[in-house]
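Below: the structure, in structure tokens.
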Amino acid sequence: MNQIAEKVAAVSPSLTLAITAQAAKLKKEGIDVCSFGAGEPDMDTPDFIKEAAVKALAEGKTKYTAAEGLFELREAIATKLMVDNNLEYTPQQITVNCGAKHSCYNAILAVCDPGDEVIIPAPYWTSYPEMVRLAGGEPVIVETSQKNGWKLTAENFEEAMTPRTKMLILNSPGNPTGSLYSRAELEKIAEIAAAEDIVILSDEIYEKLIYNESEHISIASLSKEIQALTIVVNGFSKPYSMTGWRIGYTAAPKALAEAMNNIQSHTTSAPTTFAQWGALAALTGDQQVVSDMRDEFDVRRNYMLDRFSKISNVSVVEPQGAFYFLVNIERMGLKSMNFAEKLLSRQQVAVVPGLAFGADHTVRFSYACGLDVIKTGLDRFEQFCLAH
Ligand SMILES: *Cc1c(COP(=O)(O)O)cnc(C)c1O
């Protein structure tokens, strides 16, 4: 008897693990590795947020909350969505989850029947296709071009559609691309989704980390019609450097919100109570901490953009958001795993191979690391590219 379910056997293990393990081994041997692998901000969680969670613990807020999360937090999230995103939701339409990754999974589970197709633009966040497979759905990967800023066009979207298409996953600002969709681009995509009744999962976790005076638009805010088709995903990990707290949320049409609450009530009961109190403090406290973090990322981004533009044989699109550069290595003639392995062994620089994002001609550099590491790391990267 096959003990492992087929849909689980179909899920690939994390491709990034090999490089990460190798980098860790070198570090342990005392070798100075410049790591651009981080997928989380390198700053500490702001003190006022920690203090709120400590206070909640001291006050005995240590029991279950409602499955859908603390009412006060859902109220604050509804206010945030109105103020920041011009989106009207009642607290009943908000579900607090154990991280935005969990939010995405709940959304996919709530929407996908076996055989349903989910359109995922590549390069994509590594977990989307695997989540779709776990839910019994079929990921349909759609290539985007560097020329178009690694963004899905309306034409790409239309071409990928079949009668089985149930959902589109959009991630703006994007990981690993740093791309940000404009209002005009979203309008075209929304028009097609509305005409065909396609649900949109809009992952907006990097909303607060955008540069160059760009504007983040939530696709759900374009019209009531598109809001009725959209599940907005957002969370606390990236804007407040709270990755270990595991708090994210969805905002959705009522029936979908109820379906996701049902899933959650039978799987996790609710997210951690005192972490939710910390999240409430994050949303209602002084937002200066968020713009300070953004400014720090922007200094690193500008430095790296300048350096990458001077290195031959590689190219980048200027990232408008998040904290990653997706570097095109096509001209180096190596696949991404091989490239990352050689870069690590020869120059002790760790990056994430693009294969993990469905883009084998790229590698991802995170700038969630200090400027000193970035400077040394890019000196070495330049050497590597020159020697090649
Ligand atoms: C980091 C990340 C998330 C969610 O992170 P959580 O820690 O689960 O809140 C979601 N989407 C993308 C694209 C991410 O990079």
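Straight-line reach from Lys166: taking Cα to Cα under 27 Å and skipping same-chain neighbours fewer than 8 places apart, the lysines in range are Lys7, Lys101, Lys151, Lys188, Lys224, Lys254. In this structure Ser35 has an accessible area near 40 Å², from a 1.4 Å probe over the protein heavy atoms.
Here Asp47 sits with roughly 100 square angstrom of accessible surface, probe radius 1.4 Å. Evaluated at q = 0.09, 0.14, 0.15 Å⁻¹, the base-10 log of the normalised Debye intensity for the chain, with identical point scatterers placed on the Cα atoms, takes the values -0.53, -1.28, -1.43. Between Lys27 and Glu196, the simple label model (points 7 Å from Cα in the Cβ direction) yields a spacing of 4.3 nm.
Of all alpha-carbon pairs in segment 63-284, indicate the percentage at a distance above 34 angstrom. Within segment 63-284, distances greater than 34 Å cover 8 percent of Cα pairs. Simple rule: put +1 on each Lys or Arg Cβ and -1 on each Asp or Glu Cβ in segment 63-284, find the dipole, and look at Pro239, Tyr124, Ser172; the Cα lying farthest toward the positive end is Pro239. Please identify the chymotrypsin sites (Phe, Trp or Tyr not before Pro) of segment 23-84 that satisfy two criteria: DSSP loop assignment and at most 14 other Cβ atoms within 10 Å. Which are they? Within segment 23-84, the qualifying chymotrypsin sites (Phe, Trp or Tyr not before Pro) (loop, at most 14 other Cβ atoms within 10 Å) are Tyr64.
Among all stretches of the chain without exposed GluC sites (Glu not before Pro) (DSSP loop, at most 11 other Cβ atoms within 10 Å), which one is longest?
Numbers: sites that count: Glu29, Glu59, Glu213, Glu215.
Result for the longest clean stretch: 216-388.
Restricting the trypsin sites (Lys or Arg not before Pro) of segment 78-155 to loop positions (DSSP other than H, G, I, E, B) with no more than 11 neighbouring Cβ atoms within 10 Å leaves Lys147.
Bridging of Lys80 to aspartates and glutamates at a Cα separation below 15 Å is possible for Glu72, Glu88, Glu204, Glu207, Asp286, once same-chain residues fewer than 8 apart are set aside.
Checking every one of the trypsin sites (Lys or Arg not before Pro) in segment 306-376 against DSSP loop status and a limit of 15 other Cβ atoms within 10 Å picks out Lys310, Lys335. Comparing Ser202, Ser218, Ser345 in a Gaussian network model of the chain (Cα springs below 10 Å), the most mobile by mean-square fluctuation is Ser345. Name the residue from Ser14, Leu201, Ile189 whose Cα lies farthest towards the positive end of the charge dipole of the chain, charges +1 on Cβ of Lys and Arg and -1 on Cβ of Asp and Glu. Working it through, the farthest residue towards the positive pole turns out to be Ser14.
When nucleic acids and ligands are ignored and a 1.4 Å probe is applied, Val111 ends up with an accessible area of around 10 Å². Distance between the C-alpha centres of segment 54-110 and segment 287-305: 27 Å, rounded to the whole angstrom.
Relative to the Cα centre, what is the charge dipole magnitude of segment 63-284, using +1 at the beta carbon of each Lys and Arg, -1 at the beta carbon of each Asp and Glu, and rounding to the nearest 20 debye?
For segment 63-284, the charge dipole is close to 740 debye.
When the chain is treated as a GNM with alpha-carbon contacts under 10 Å, the residue of Asn212, Asn328, Asn313 showing the greatest mean-square fluctuation is Asn212.
The values are calculated or read from the model by the stated rules, or taken from the named source; none is laboratory data. Remember, predicted model here, so these are calculated numbers, not experimental data. Glycine also receives a Cβ, built like all others from the backbone with ideal geometry; neighbour counts cover every protein chain displayed. Quick note on the areas: whole protein, heavy atoms, side chains included, nothing else; ligands and nucleic acids left out. Shrake-Rupley method; radii C 1.70, N 1.55, O 1.52, S 1.80 Å.
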